[in-house]
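A.B. asks: What follows is a structure written as structure tokens; I'll ask about it next.
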Amino acid sequence: MATRMDGRQLAGEIELRLQATIAERLAAVGRPPGLAVLRVGDDPASGVYVANKEKACARVGITSLGAHLDAGSSATEVLAAVQQLNADTACDGILLQLPLPAGLDEGPLLLAIDPEKDADGLHTLNLGRLLKGEPGPRSCTPAGVMALLARHGVALSGQRAVVVGRSILVGQPMALMLQAADATVSVAHSRTPVLAALTRQADLLVVAAGRPRMIGSEHVKPGAVVIDVGIHRTESGLCGDVRFEEVEPIASAISPVPGGVGPMTVTMLLVNTVVAWCRRAGVAHDLGDLVP
Ligand SMILES: Nc1nc(=O)c2c([nH]1)NC[C@@H]1CN(c3ccc(C(=O)N[C@@H](CCC(=O)O)C(=O)O)cc3)C=[N+]21
């Protein structure tokens, strides 16, 4: 039976660290950290995530500077909101909640975010920093996966890792972070021939394909570590990209949905915000084990 990789537990522990980091530096900086979640329209799933992020901010002492524009907003209006947050000295982190309503192109809007306030790590400059191994905010979901692996003592050097999914949000930065940790990484996607033949070679399997319950026992080498990044709302509740009940008996460790990667994503967003707050104030932080 596999070890369950409990993201809620680890997220809670990191939140305690953030709380202490903030409290110890509050006098030196002179104001609390601020995180703006910029939401456009009313995607119902986004509503839940935004609410989770705001609650987490309140727990650790980050001020939420939420901005909610209506679904019919023009690109110019969203851009103006981003620029206002860039200029706001009380704002250390900006997250543009995706997906945007149809008709709004996320590309130029993500590029408009001040890279030093890019709490999501999705700006081209920060993706480039990751590619080159330079410090900077890292994409929250893959950074959360790395923290979960470290916490469970999963050694990556010399291991074969397979990432299923090649999105800019998760798959691509995940592959780069695993390579930086000396894993040998393959990236599979919807056009990969004989997916199971590849995934069965993996010592570490990270599934971020966005297809409910697509990965089963036939895809997994006995003893592998399996990370499920998917989250889907179905009639029978939340599920991931992995058939948990099928894979758990053969894996050595597995992250559940919910309670695995999701809470870690939120926590890494807070970490990026607190690190940016320290950097902008010229104060040292103690979170270097979580983001470079
Ligand atoms: N710019 C941007 N950055 C994101 O990081 C981003 C985004 N847009 N758009 C949507 C996705 C999705 N996402 C999640 C965050 C938290 C949970 C989370 O807290 N999940 C809990 C349960 C949540 C529930 O109960 O519904 C868990 O897995 O245990 C899930 C998913 C961030 N995303």
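The values are calculated or read from the model by the stated rules, or taken from the named source; none is laboratory data. Being a predicted model, the structure only gives us computed values, none of them experimental. Don't worry about glycine lacking a Cβ; one is built from the backbone with ideal geometry, like all the others, and counts go over all protein chains shown. Heavy atoms of the whole protein, side chains included, go into the accessibility calculation; ligands, DNA and RNA do not. Shrake-Rupley method; radii C 1.70, N 1.55, O 1.52, S 1.80 Å.
A.B. asks: Across segment 185-192, in residue order, what do the Karplus-derived ³J(HN,Hα) couplings come to in whole Hz, using 6.51 cos²θ - 1.76 cosθ + 1.60 with θ = phi - 60° and x for Gly and Pro?
C.D. replies: 3J(HN,Hα) across segment 185-192, in whole Hz: 10, 10, 10, 9, 8, 4, 9, 5.
A.B. asks: Counting only complete DSSP H runs, which helices of the chain cover 27 Å or more along their long axis at the Cα atoms and score a mean Kyte-Doolittle of 0.5 or above?
C.D. replies: 261-281
A.B. asks: Follow-up. Can you give the Rg to Rh ratio of the chain, both from alpha-carbon atoms, with Rh computed by the Kirkwood formula?
C.D. replies: 0.97
A.B. asks: With r defined as the distance between the Cβ atoms of Ile168 and Asn86 and R0 fixed at 22 Å, what FRET efficiency is calculated, to the nearest 0.05?
C.D. replies: Here the calculated transfer efficiency is 0.55.
A.B. asks: Could you give the dipole magnitude of the chain about its Cα centre, charging the beta-carbon of Lys and Arg +1 and that of Asp and Glu -1, in debye to the nearest 20?
C.D. replies: My answer is approximately 460 debye.
A.B. asks: May I pose another question? For the chain, with a Gaussian network of springs between Cα atoms less than 10 Å apart, report the residue from Val48, Val271, Val229 with the top mean-square fluctuation.
C.D. replies: Maximum fluctuation in the GNM of the chain, among the listed residues, is at Val48.
A.B. asks: A follow-up question, please. What is the Cα centroid distance between segment 216-257 and segment 20-58, reported in whole angstrom?
C.D. replies: That distance is 30 Å.
A.B. asks: Which listed residue (Gln19, Ile94, Ala81) has the Cα farthest towards the positive end of the charge dipole for the chain, taking +1 on Lys and Arg C-beta and -1 on Asp and Glu C-beta about the Cα centre?
C.D. replies: The one lying farthest along the dipole's positive direction is Gln19.
A.B. asks: Taking the Cβ of Thr141 as the centre, find all other residues whose Cβ is under 12 Å away and add up their charges (Lys, Arg: +1; Asp, Glu: -1).
C.D. replies: Computed value for this residue: -1.
A.B. asks: Next up: I'd like to check one number: the per residue accessible area of the chain, probe 1.4 Å, reported in Å² as a whole number.
C.D. replies: It amounts to 44 Å² per residue over the chain.
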